[in-house]
Amino acid sequence: MNTDRPAAIPLLAAGAVTAALPGIEPIERPPATGFYLDARPQGLTLQHAETVDRDSGLCIDLLDGSIERRLAGGRKSPLARALGLKRRSRPTVLDTTCGLGRDSATLAALGCDVHALERHPVLFALLDDALMRARRADTPPAWLTHWQAFEHADAHAWLTPPPPRRFDIIYIDPMFAAARRKARPQKALAWLNELIGTDHDADALLALARGHALRQTVVKQHARSQPLAAPDRQVHGKAVRFDIYLAASPPAG
Ligand SMILES: C[S@@+](CC[C@H](N)C(=O)[O-])C[C@H]1O[C@@H](n2cnc3c(N)ncnc32)[C@H](O)[C@@H]1O
């Protein structure tokens, strides 16, 4: 993680946030510099003090149709192929790097039973809030029933010592050093790079995951980046690549 950021992120509570969020301190007015969380009526929003447009910001919306759009390729999509999803298969997946929750939600919508972890307090708070809003919607999405758990935890600590429950698939999608690209990254991505930085410990997480996954560990990478370790298989998408590490002796079936 990026260790230069402040220890706590300010939260402009405005009386709307009920739960005490770890690593986050209440404030009464927007700070002069840096990131802060704003508890707005539409949902918890990450804002930057130097942003001119105060109505903009990063608020996760799991009901905006983006998950359904990601399902367009169904089980033929690179993500589904990387996880080896077959018709009616319903593997258990530990998403160790849940982030904005898009992959977890997509996997749940594809029928996987998902248990997700996120260690950064801001990402955890934003997504926890989005999940709460999705659950309270008039018509909650059907895939929510497959998203079984979301925890504020570092996957290294969570897997050490190994928990009694094992998962068919462990999924890792770490933050990588910003790739050189022609186009400016989307604001959400640029902010996450600034807030979280690079997950330099992803190779240690892969080593840990490989000893735990019953079937396979899948690492999502930028299409042109080096694998964390030599994979058994790869699935290529447009901009990303999935590196697949098979368990030494996967269970039959
Ligand atoms: C690239 S983002 C993941 C994006 C996510 N797959 C999605 O679909 O939105 C990486 C996230 O993993 C989190 N992360 C990285 N290493 C972690 C670890 N060891 N334990 C828990 N969370 C981790 C980071 O804080 C960051 O939010």
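The values are calculated or read from the model by the stated rules, or taken from the named source; none is laboratory data. Computed from a predicted structure; not experimentally measured. Ideal geometry is used to build each Cβ from the backbone, glycine not excepted, and the neighbour counts take in all protein chains shown. Just the protein is used for accessible areas: all its heavy atoms, side chains included, with ligands, DNA and RNA removed. Shrake-Rupley method; radii C 1.70, N 1.55, O 1.52, S 1.80 Å.
Under a 5 Å amide H cut-off, with hydrogens placed 1.01 Å from N, Val240 pairs with Ala223 among residues at least 5 apart or on other chains. Between Thr145 and Arg224, the simple spin-label model (points 7 angstrom out along Cα→Cβ) gives 4.5 nm. Comparing Cα centroids, segment 147-170 and segment 75-108 end up 16 angstrom apart. In this simple spin-label model, placing a label point 7 Å from the Cα along the Cα-to-Cβ direction at both Arg75 and Ala49 gives a separation of 5.2 nm. Summed over the residues of the chain and divided among them, the accessible surface reaches 52 Å² per residue at a probe radius of 1.4 Å. In a fully extended conformation the segment linking Thr33 and Asp138 would gain 34.0 nm over its present Cα-Cα distance, using 0.36 nm per residue.
Site pair Ser66 and Arg40 shows an inter-label distance of 1.4 nm when each label is modelled 7 Å from Cα along Cα→Cβ.
The count of lysine pairs in the chain whose Cα atoms are under 23 Å apart, excluding pairs fewer than 8 places apart on the same chain, comes to 10. In whole percent, and with a 1.4 Å probe on the protein chains, what portion of the accessible area of segment 37-128 is carbon and sulfur? After summing per-atom areas, the C and S share lands at 51 percent.
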